[in-house]
Structure formats: structure tokens, C-alpha cells
Amino acid sequence: MNDDALAALSEILGDGELLLDEADRARYASDGSGLKGDLPLAVLRPATTERLSQAMAVCARFQIAMITQGGRTGLSGGACVAGPAVVLSTERMQGVVEIDEDAMAMTVWAGTPLERVHDAAREKGLDFPVDIGARGSATVGGLIATNAGGIRVLRHGMMRQNVLGLEVVLADGRILSRLGKLVKDNSGLDLKQIFIGSEGALGVVTMAVLQLKPHAGKAMVVLLALPDFPAALSCLSRARTMFGDRLTAFEGMWPDYWDFVCGEARLARRPVSGTHGFYVLVEIADTDPADIENWFMALSEEGLVEDGILAQSIAEARALWAVREAVGEVDEALGPHINFDLGVASSRLGEFCEACDRCLADVDGAGRALKVGHVGDGNVHLLVAHDGRTETIHDIERAIYGLVAEWGGAITAEHGIGRLKRAWLSCSRSSEEIALMGLLKQALDPAGLLNPGIYPVPEPGADETGRHAC
Ligand SMILES: Cc1cc2nc3c(=O)[nH]c(=O)nc-3n(C[C@H](O)[C@H](O)[C@H](O)COP(=O)(O)OP(=O)(O)OC[C@H]3O[C@@H](n4cnc5c(N)ncnc54)[C@H](O)[C@@H]3O)c2cc1C
């Protein structure tokens, strides 16, 4: 890095806030996507918004690219270093600043892991409802930047629906602070929404006000073995009618995933025996177990359910969740694979998955496909094994993203575009939408220094090479 830039950064950043040693920097090259990242020029990890703002102003002055990182659990490569860039890490911006119990609002630093937010809310008898498997490492800032979804979207929405206020530092170091606890605010555009889901390409989130919820009460966990996917949709609709807001999760597992995780890969214990066409894990809060049993009996009488189990203890509930959460451990057991995170209308999710299977059967080098997902949100995580060849990977992506375009779906329902999916954006978004994203990027970060490449900056005669048409 330029000596003048380094001198300016050293003046701003305190002890331990600037890492230059190669071994230290190497730890920040990549994220959870499996993409190999480049060695960052330096790692900047200020503990205050002011120092981050000053450091970013220096980077802007010297035209240094900046990649923001939280817990580095992202699955799309958005936090991976690509090319000469410094890393902006929020790992020293941790902690709960305030909990306002009456407003049910928590002000928290962006680098705080999600699990700490859950614990702090529970200590006050409240809940923060967004939850994902990577809760121990994923940070508030990362969750906001990716608009994370997870297992309770059905009831509480995604991150976007659970943020009241934000503090953001723009590419040139300007601080945009709106840390209010306002539930209703129609005084102009809701600017925070521009940053939520922008994957660090428009600004760095330093602090947030999160909307907490009343504690949901004891959760009952049920596993259902069903004849097929349509039966899952019927069970979901009956559960919504019977339990309303108390239905907090409805997660689906296709037999390919179930048999791999509970059988061959031995990642979880098989909770029900026999072979079934589909499996769902249902979580219902604050409900009399007798109501759940009645619901189950009614489903069985209609032929919608073949088998099932209601967890009788926390340990049993954990064991049932372990089957669903084993998707986080599949990587090694499955070998080289692509991790798709696709969205279509929930009513068509079953047919869409069948179409994926059919079209993968025609791709040379494609191996087995495992499917697991959030049934009520129309979101499937499709893991496709392959022979490791670049052409195979491309052919699989072309086939699946081509289907997504045909079905009017999303190439990423919750993990984000990152570096892995940006070339396929046109399969989900029109050229007008992509151009508008580019204009926003240009307005907020004209030199394209923040997480370069996630959003294309439209330039006259811009080279579109590398972007795939669906
Ligand atoms: C086991 C496992 C389970 C998962 N389950 C889910 C799931 O159910 N649902 C889901 O949505 N995701 C899931 N994920 C993906 C991942 O955990 C989320 O994307 C999470 O939100 C990333 O948070 P992070 O702090 O690790 O961010 P990082 O990986 O560090 O960064 C992710 C993106 O956000 C940007 N970013 C990070 N911090 C900031 C900030 N403060 N300001 C601006 N930009 C920032 C980065 O530049 C990058 O583009 C899972 C991952 C794993 C490993």
C-alpha cells in the first residue's frame, strides 16, 4: 500500500486496529462461501464509528478499495477479498448499547454476533426473532447487509422487517445516522432500506436499532413424515389456520437430503423410520400440546401425514432440529458442490424442484442433488454435487439459473449475490432494474471503492463480458 496512505491510517487507528502482518491478514481473505480470497493489503478494525469514518475517508482519498467483513459466514463470497483492497472488519464494534423495554428496541454495534443479541433480549423477557444456523458468528451488520432470512421468516419476516434504525458510513467517510426507535416514519424515503441487503456495496453499517418482540413462550417442535410435497402445503395451510401467529417455523426436507444426512453421511440420527416422500419440521410457540396432537390426528385422518413425532423435551427438540441444521455440515461429506439458494412462489416450490432434478439429469458431470429449505417462504437450498470441472459448474449454473428465469424466481432468496452469483443477476432482474442498482451505487460510491463488482456501475460502453444471459 502507498506509504502516505499507510501513514495516514496509522495516525487514525489505535492499538490493534490496523493489521499489517501477513499471517494476520491471511485470516481475512475469505468467508464461508468456499471462494479463495486474495490477501488484503491491510485489515482495518476500528472500535468507533468516528475512526472508521476517518479511515474510510483516507481510503477514498487514495482510491483504495474496501471490503467490509462481519463474521465471514456469508455463503456468496461478498466478504471475500478480490484484487487489491483493504478489509474493514467490524469485529471490534461489539456490544449492546441499550435495550428500551417499553419500545422493545435494542441498539447494538454492528459487529455483535446474533447469539449475543438473542441472549440479551431474553434476559429482558423479550426475543429478537431473526435466527440462522450461523448465529454464533454471524454479526448484526452482516445480517443487515445480506438481509438474512433463516428459520422464522414465516412469522417475523427477514432482517428488513426487524430493523428500526441504522448508522452507516458512506464510501467517502460521511456518517449517516438515524438510530431512532420510530415504528412509523413517513418523513421522506426510508433510506435505511437501501442499505439493508446491499451487501456492503453502498455503505458500512456500524450500529443498528433492532425491533424486539414479546417472548414467544415455550416452543413445541414436531417432525412430520409426508407422502409428498403437496401434502406439506396442505399441512402448512392447516397449521396457519389452527395456530396463526404461533406457527414460527415450517422447514422442508426432500428425501434426497434426508437420506444423505441421516443415512450415508451420518450427520444426524434418523428420527422416524421408513421411507417417505417429504419431511417437515414444524415449530409452534405457546401452544397446548393437546392442540398439536389434535392437529396431527386431523392431518393423519386426511391421509396427509404418514408418521410424526412431537419432541417431549428440549433435548428431543434439539435432535429434531439437528437434522435440518446438518445442512451446515454437509460440505465435506458431499464433496465439490454448488450451493444454490433459490426462491419461487411457495405454491410452486415442489414442481420447481422436480424441474431442477429433471434438468440436472441432462448435465454431464452433475452428481446428486440435495434439497432442503423454508417451505412457507418458497426458498430452497439446492446442493448439487459435481465432478469439479469448470465447464460442469458453468453448465449446472446455466441450467438452474435458466429455470429460475423461466419461473420468475430469485437466483438468491437470502444469501445475496456476492461474488459467486453476480454474473447471473440478469436471470432474476431486468436490465432496467440492474441499471437502477448501478445508478444508486454511482450516487453513493462514485469511485466504486466499496465491495467493488457486486453492483455494476454503468459506464458508457461498459464491458459486459463475464455476465451471463439467461
Ligand atoms: C451454517 C450456516 C447457516 C446459515 N444459515 C443462513 C440462513 O438460514 N439464512 C441466511 O440468510 N443466511 C444464512 N447463512 C449465511 C450467513 O450466515 C449470512 O449471510 C449472514 O448474514 C452473514 O453475516 P456475517 O456477519 O458473517 O457477514 P459476512 O460474511 O462477514 O459478510 C456478508 C456480506 O455482508 C457485508 N457486510 C458484513 N458486515 C457489514 C457491515 N457492518 N456493513 C456493511 N456490509 C457488511 C459483507 O461485505 C458481505 O457482502 C448461513 C451461513 C452458515 C455458515
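What to note about this one:
- No other residue among Arg324, Arg368, Arg358, Arg348 is among the basic types (Lys, Arg) and assigned by TED's automatic domain parsing to the domain that holds Phe260 apart from Arg324.
- Val97 vs. criteria at pLDDT 95 or above and within 14 Å of the ligand (Cβ to nearest atom): no
- Flag if Glu316 is outside any loop (DSSP other than H, G, I, E, B) and within 16 Å of the ligand (Cβ to nearest atom): no
- Tallying residues that are surrounded by fewer than 22 Cβ atoms within 10 Å (Cβ to Cβ) and in a loop (DSSP other than H, G, I, E, B) within segment 103-128 yields 4.
- Residue among Arg389, Arg324 that alone is among the charged types (D, E, K, R) and farther than 20 Å from Gly133 by Cα: Arg389
- Number of the exception - Ser76 against (1) within 12 Å of the ligand (Cβ to nearest atom); (2) open to solvent by less than 50 Å² (accessible area, probe 1.4 Å); (3) over 20 Å from Gly150 (Cβ atoms): (3)
- Applying the criterion of being of a type in the set (S, T, N, Q) and either in contact with an Asp or Glu (Cβ under 9 Å, 6 or more places away or on another chain) or in contact (Cβ under 8 Å) with a residue 40 or more places away in the chain (or both) to the residues of segment 410-428, the residue that is least open to solvent (accessible area, probe 1.4 Å) is Thr412.
- Selection within segment 1-36 - assigned to a helix (DSSP H, G or I) and either closer than 19 Å to Ala82 by Cβ or among the small types (Gly, Ala, Ser) (or both): Ala5, Ala7, Ala8, Ser10, Glu22, Ala23, Arg25, Ala26
- Among the residues of segment 340-355, those identified as assigned to a helix (DSSP H, G or I) and more than 15 Å from Val153 (Cβ to Cβ) are Ser347, Arg348, Gly350, Glu351, Phe352, Cys353, Glu354, Ala355.
- Among residues of segment 351-377 that are under 15 Å from Asp228 (Cα atoms), those with a Cβ under 6 angstrom from a residue that is open to solvent by less than 30 Å² (accessible area, probe 1.4 Å) and aromatic (Phe, Trp, Tyr), sequence gap 6+ or separate chain, pair up as Lys371/Trp254; Lys371/Tyr257; Val372/Tyr257; Val375/Phe250.
- In the set (1) open to solvent by less than 50 Å² (accessible area, probe 1.4 Å); (2) away from the ligand (no atom under 16 Å from the Cβ); (3) touching a residue at least 60 places away in the same chain (Cβ under 8 Å); (4) part of a strand (DSSP E or B), Ile309 fails one condition alone, (1).
- Across segment 98-135, the number of residues qualifying as among the acidic types (Asp, Glu) and touching a residue at least 24 places away in the same chain (Cβ under 8 Å) comes to 3.
- Some residue of segment 240-258 being touching a residue at least 60 places away in the same chain (Cβ under 8 Å), out of contact with any strand residue (DSSP E or B) (no Cβ under 9 Å at 6 or more places or on another chain), open to solvent by 20 Å² or more (accessible area, probe 1.4 Å) and within 29 Å of Gly277 (Cβ to Cβ): no
- Test: residue in segment 391-410 that is within 16 Å of the ligand (Cβ to nearest atom) and among the aliphatic types (A, V, I, L, M): yes
- Test result for Val153, out of contact with any Cys (no Cβ under 7 Å at 6 or more places or on another chain), within 13 Å of the ligand (Cβ to nearest atom) and open to solvent by less than 20 Å² (accessible area, probe 1.4 Å): no
The values are calculated or read from the model by the stated rules, or taken from the named source; none is laboratory data. These figures come from a predicted structure and were not determined experimentally. Cβ: placed from backbone, ideal geometry, glycine included. Neighbour counts: every protein chain shown. All accessible areas refer to the heavy atoms of the entire protein, side chains included, with ligands and DNA or RNA removed. Shrake-Rupley method; radii C 1.70, N 1.55, O 1.52, S 1.80 Å.
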